[in-house]
Each structure stands twice: as C-alpha cells, then as structure tokens.
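Note sheet for the following structure.
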Amino acid sequence: MVFNSYTFIAFFIVMLILHHLPFTWKTKKINLLLASYVFYAAWNPPFILLLWLSTVVDFFVGRALYTQENKYKKRMLLVISLIGNLGMLCFFKYGGFLLENFVTMVNALGIDYHPAKPNIILPAGISFYTFTTLCYTIDMYHRKSQPVKSLLDFSLFVTFFPHLVAGPIVRPHQLVPQFETPRKTTRQQLMQGLFLLSLGLFMKVVLADTLLAATANTVFGFQRSLAGLDAWMGVLAFSGQIFFDFAGYSTCAIAVAMCLGFALPENFRSPYAALGFSDFWRRWHITLSTWLRDYLYIPLGGNRKGEARTYVNLMITMLLGGLWHGASWTFVVWGALHGTYLCIERLIKDRLVPKQTPNFLLLPFTFFLVNVTWVFFRATDFSTAWRMLTSIFGQTEKGTAVLTTIDLIITSTVVTLMVLIHWLMRNTSALQAAQKAKWWVLAGVWALMIIGIVICQKSGDSFIYFQF
C-alpha cells in the first residue's frame, strides 16, 4: 500500500475514525499495530513473519542485554542480534549481488562455475526496519536508555505504518515514550497534518512523477551518446525527482503520524541549499546520516584517532552508506564520491582556506557536484553512467537530442524554483512558513495542490526508496 493511492486514503480515513473513538489506549494501540501489519501485508503477506521474528528476537535480546552483567554473555547476545538482523538483510538484499560477484571472481581464476540465479524477493522496507531494531539493541548494550517494558509498545515502535517502509528511521527514545501515554490529536495538529499530507502527495504525484520522471527516464534509458544539454537536463530532472519523491514520502509519513497524534523526526531540511557536503548530509535523509554517524562513524573512532583515521572512517561510513542503498557497485561509487567530497572538504577547511567562503560560490558548487553523484545513483550500470558523464562533460562525436523543448522548459523551471525555495527556506520549515502566511494565500496554495494531485494521480506509483 502506498500513500499516493486511493486505497490508502480509504485506509487512513478508517484509522482516523478508529483512533478517535472512545476506546481504551491499549485497544487503540492494538488497532494501530494490526493496521500496520495490514499496511505491510498489502505488498507480500508472508514477509510479516520477518517483521515478527525481528521484533520478538530484539525485544527479548534487548532486555537481556540491559540486565546482563557478564561481559562475554553480553557480547554474545549482541552478536545474536547483529547476525539475526544483518543476516536477513544480507540474504534478501545482497544475496544475489554477492553470488554474482563470487561467480565473476572464480571465473576470472579459471574455474567454470555457473550456478542457477537465486529467485530472491526483496521485502519492502527491510533496510529501514532493520536499522530501527538494530539501534534499539545497540542502545541496550550500552545502556543508553531503559528497555521497553511492553512487547506491544515495542512491536508498534518497529512496525508503526507511517515510517515502516521508507522511514524516517526512528530511535527508541523518539517514539516509544509516545506509546506509553494516550495521545490525543488537537484540531491544529489535524489541520497541520492534512496540510503536510497534501504537500507530500503534491511533491510525489505532481512534481516527481508527472513533471520530472519522464525526462529522467528518457535520458537515462537512451542507449547512445546524448547532446550535452539533454544529458544535463536528465540529471537535473532526476535530482529533482529523487528529492520530491523521497522528501514527499517523508512528509507524508510525518503528516500521517501527526494526524494520529504522534511526532516523527524531520528527514529533510532544504538540502539543495547546502553550503558544502557536510551541510548537505545535515539536510538530506537526516535520520540515516545521523544513524550512520552514531552507530558506525563514531564507533569506528570518528575524529578521535588522528587525521588519517578520520578520513578512513569517513570513507568507510559513506561506502557502506552507498551500499545500504542498493546491491550494486554504482551505489558504492556514489558513496565513495560523497566520502571523497567530505574528506576534501575537511582538508580544505582545516588547512588551506579561511573557514568563511562566500555562499554564492558554495551553493552552486555543492549542487553541481551532488548532481554528478546522482549519475551513479540513477544509472543501472557503469556503461550508462559513463555514457552520461561523457555526454555531460563533452565528447568528440555529436550527441543526440532526445528531449522536446517543453521537456527542457519544464525541467529547468521546476529545478530552478526548487533550488530557490530551498534557499529561501533553508532555516525554516513548511509548517512555519504556512503559519506565517495569510489565510487566503494558504487556502489558495492548498487548493491548488489538491487540484494538481487529483489531475495528475495515476495508479499509485511506488516511491523510489521502497527498493532500499
């Protein structure tokens, strides 16, 4: 079930009604848990078993980790949790990728080995709920917080349907306390939630799917050299598409939770107004970047073990962050590029230039290099990525123009407005801007968004990040 479908609208209305009926708080939580399983089962019901397994194992392992005094047994419990969660993730997400690379390696050594390709179906959102449960057991190991008392609360923390499939990635302290006491939605929360839901759907349905997706698909799907302008417009179209698609999902998730009386963490903060690459990662997919920082970069040593080790830790973190996005070497290169950017930025700031650099230079420079990385994120293979890069940066033969004039106008207009709005709102949020606007302006914008959604709505295209 996807947010941009009429099925979800009906599902959401039923949930709003049930959540505001005079049931006990425990009954409402059970309703939310059952609804979350129904929401997930709409993709593939048998994969609910993986959710149950991950939930039950980590609930009891987490409690044992918190109370265990024996260091050896404590480490073994943590290993059990890591193997269970990462083992499932590796099998379903990286099984085929690992086998393919193993076959390539042994064939290069002269061994004729060609096994049957595994038919592995990737469970929706497995990367997201795996990281959600992992942070709980790791926190219990370090005793950063009290263990969750109720299996019901922990199950709801893992499977709460707004964040289940594509985040935001939540930490125990951000959501579990909200399940412990009854939550009531105020009229203001409900209106703000519905406004954000409209905004998120507008970003997905109108901007990502209708105005930008076709241009990106045409350019990246073309099998020959492209005209430089067309190649750049395809990359910019995907740059806008990936933002509007994923930020649209996160906005919908936050909105749906808000309508039910819950708060989810912010996941995007005008990322294309970033002044540098560390600033970009403070604004793009915030819950993943902070997760990688707290559970990977800092445990590796962070910046506490010398300059060389800091750069190594940055690269490892970004390489694994790239691989998290997909079982392909193109994602690894995407992560490596961002790791390289971060290392060079740190070196420049520490040694070579004053820390204050004009914004009019940093913003377009950051945006330009981020777009170069999107080539590897979107390309299905290295040949496509190379064809795009040679088209972008010049080539000896004349490339083919595949986009119409209207495609060029739409893409350039949408992307320019996107960057401008990001800059104007780099220190504020959509809700804060809405609160400052005059009522008739807000009503007009809201009405236009709803009209656009109704006109452009198709069959409910999946969000890009569902594949991760």
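Does Thr380 meet the test of being over 25 Å from Trp281 (Cα atoms), of a type in the set (Ser, Thr, Tyr) and surrounded by fewer than 19 Cβ atoms within 10 Å (Cβ to Cβ)? Quick ask: steps written out before the conclusion?
Values: over 25 Å from Trp281 (Cα atoms): no; of a type in the set (Ser, Thr, Tyr): yes; surrounded by fewer than 19 Cβ atoms within 10 Å (Cβ to Cβ): yes.
When the stated conditions are applied, Thr380 does not pass them.
Give me the pairs, please: first residue somewhere in the range 102-128 and over 20 Å from Ala42 (Cβ atoms), second residue anywhere and assigned to a loop (DSSP other than H, G, I, E, B) and of a type in the set (Ser, Thr, Tyr), beta-carbon distance under 9 Å, and either six or more positions apart or on two chains.
Within 9 Å, the pairs are Phe102/Tyr113; Val103/Tyr113; Val106/Tyr113; Asn107/Tyr113.
Tell me which residues, restricted to the range 13-70, are farther than 30 Å from Gly87 by Cα and of a type in the set (A, V, I, L, M).
Ile13, Val14, Met15, Leu16, Ile17, Leu18, Leu21
Filter the range 61-99 down to the residues that are surrounded by fewer than 15 Cβ atoms within 10 Å (Cβ to Cβ) and farther than 18 Å from Gly125 by Cα and list them by number.
Correct list: Thr67, Glu69, Asn70, Lys71, Tyr72, Lys73, Arg75, Met76, Val79, Ile83, Leu98.
Among the residues of the range 201-210, is there at least one that is buried (at least 24 other Cβ atoms within 10 Å of the Cβ), at pLDDT below 95 and within 20 Å of Thr405 (Cβ to Cβ)?
No, the conditions are met nowhere in the range 201-210.
Only one of (1) within 23 Å of the chain's Cα centre (by Cα); (2) modelled with pLDDT of 90 or more is not met by Ser383, so which one is it?
Status for Ser383: all satisfied but (1).
Among (1) in contact with a Lys or Arg (Cβ under 8 Å, 6 or more places away or on another chain); (2) at pLDDT 95 or above; (3) among the hydroxyl-bearing types (Ser, Thr, Tyr), where does Thr400 come up short?
(2)
Rundown of residues vs (1) modelled with pLDDT of 90 or more; (2) within 30 Å of Glu69 (Cα to Cα); (3) β-branched (Val, Ile, Thr); (4) surrounded by fewer than 21 Cβ atoms within 10 Å (Cβ to Cβ), yes/no style:
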{"site": "Tyr113", "(1), (2), (3), (4)": "no, no, no, yes"}
{"site": "Gly125", "(1), (2), (3), (4)": "no, no, no, no"}
{"site": "Ile138", "(1), (2), (3), (4)": "yes, yes, yes, yes"}
{"site": "Arg143", "(1), (2), (3), (4)": "no, yes, no, yes"}
{"site": "Arg183", "(1), (2), (3), (4)": "no, no, no, yes"}
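Give just the number: which of (1) more than 26 Å from Ile13 (Cα to Cα); (2) modelled with pLDDT of 90 or more; (3) surrounded by fewer than 17 Cβ atoms within 10 Å (Cβ to Cβ) does Ile30 not satisfy?
Unmet condition: (1).
Kindly evaluate Leu152 against the criterion of being surrounded by fewer than 23 Cβ atoms within 10 Å (Cβ to Cβ), aliphatic (A, V, I, L, M), within 21 Å of the chain's Cα centre (by Cα) and within 19 Å of Asp58 (Cβ to Cβ). Walk me through how you get there before you give the answer.
Details: surrounded by fewer than 23 Cβ atoms within 10 Å (Cβ to Cβ): yes; aliphatic (A, V, I, L, M): yes; within 21 Å of the chain's Cα centre (by Cα): no; within 19 Å of Asp58 (Cβ to Cβ): yes.
It is false that Leu152 is surrounded by fewer than 23 Cβ atoms within 10 Å (Cβ to Cβ), aliphatic (A, V, I, L, M), within 21 Å of the chain's Cα centre (by Cα) and within 19 Å of Asp58 (Cβ to Cβ).
Do any residues in the range 300-311 that are closer than 11 Å to Arg346 by Cα have Cβ atoms under 7 Å from those of residues that are among the hydrophobic types (A, V, I, L, M, F, W, C) and in a helix (DSSP H, G or I), where the two are at least six apart or on different chains, and which pairs are they?
Tyr311/Cys343
In the range 222-243, is there at least one residue being free of Cβ contacts under 8 Å to residues at least 60 places away in the same chain and either in a helix (DSSP H, G or I) or within 16 Å of His422 (Cα to Cα) (or both)?
No; the residues of the range 222-243 include none that is free of Cβ contacts under 8 Å to residues at least 60 places away in the same chain and either in a helix (DSSP H, G or I) or within 16 Å of His422 (Cα to Cα) (or both).
With (1) assigned to a loop (DSSP other than H, G, I, E, B); (2) touching a strand residue (DSSP E or B) at 6+ places or on another chain (Cβ under 7 Å) as the list, and Lys184 as the residue in question, which single condition is left unmet?
Just one mismatch for Lys184, condition (2).
Any residue that is closer than 24 Å to Gly326 by Cβ, under 26 Å from the mean Cα position of the chain (by Cα) and of a type in the set (Gly, Ala, Ser) - is there at least one of those in the range 45-64?
yes
Looking at the range 155-172, which of its residues are among the aliphatic types (A, V, I, L, M) and under 19 Å from the mean Cα position of the chain (by Cα)?
Here is the first cut: in the range 155-172, the residues among the aliphatic types (A, V, I, L, M) are 156, 158, 164-166, 169-170.
Passing the criteria: Val158, Leu164, Val165, Ala166, Ile169, Val170.
Going through the range 271-302 one residue at a time, which ones are over 18 Å from the mean Cα position of the chain (by Cα) and of a type in the set (Ser, Thr, Tyr)? Walk me through it before giving the result.
Filtering the range 271-302 down to residues over 18 Å from the mean Cα position of the chain (by Cα) leaves 273, 275-276, 297-302.
Of everything in the range 271-302, just one residue is over 18 Å from the mean Cα position of the chain (by Cα) and of a type in the set (Ser, Thr, Tyr), namely Tyr297.
Only one residue in Tyr249, Tyr272 is crowded, with 23+ Cβ neighbours inside 10 Å and either at pLDDT 95 or above or touching a strand residue (DSSP E or B) at 6+ places or on another chain (Cβ under 7 Å) (or both). Which one?
Numbers: Tyr249 fails: either at pLDDT 95 or above or touching a strand residue (DSSP E or B) at 6+ places or on another chain (Cβ under 7 Å) (or both).
Matching residue, one of Tyr249, Tyr272: Tyr272.
Do the conditions hold for Ile316, that is, is it assigned to a helix (DSSP H, G or I), over 23 Å from the mean Cα position of the chain (by Cα) and at pLDDT 90 or above?
The answer is no for Ile316.
Exactly one condition in (1) part of a loop (DSSP other than H, G, I, E, B); (2) without any contact (Cβ under 8 Å) to a residue 12 or more places away in the chain is not met by Pro265; state its number.
Result: Pro265 fails condition (2) only.
Of the numbered conditions (1) buried (at least 22 other Cβ atoms within 10 Å of the Cβ); (2) at pLDDT 95 or above, Leu337 fails exactly one; give the number of that condition.
(1)
Just checking, does the range 411-431 include any residue being among the aromatic types (Phe, Trp, Tyr), over 30 Å from Met233 (Cβ atoms) and in contact (Cβ under 8 Å) with a residue 24 or more places away in the chain? Quick ask: steps written out before the conclusion?
Filtering the range 411-431 for residues among the aromatic types (Phe, Trp, Tyr) gives 423.
If we keep only those that are over 30 Å from Met233 (Cβ atoms) too, we end up with none.
No: zero hits.
Given the conditions (1) out of contact with any Pro (no Cβ under 6 Å at 6 or more places or on another chain); (2) crowded, with 19+ Cβ neighbours inside 10 Å; (3) in a helix (DSSP H, G or I), and given that Ala214 satisfies all but one, which numbered condition is not satisfied?
The single condition Ala214 does not satisfy is (2).
The values are calculated or read from the model by the stated rules, or taken from the named source; none is laboratory data. Because the structure is a prediction, the values reported are computed rather than measured. Positions of Cβ are generated from backbone atoms using ideal geometry, with glycine treated the same way; all protein chains shown enter the neighbour counts.
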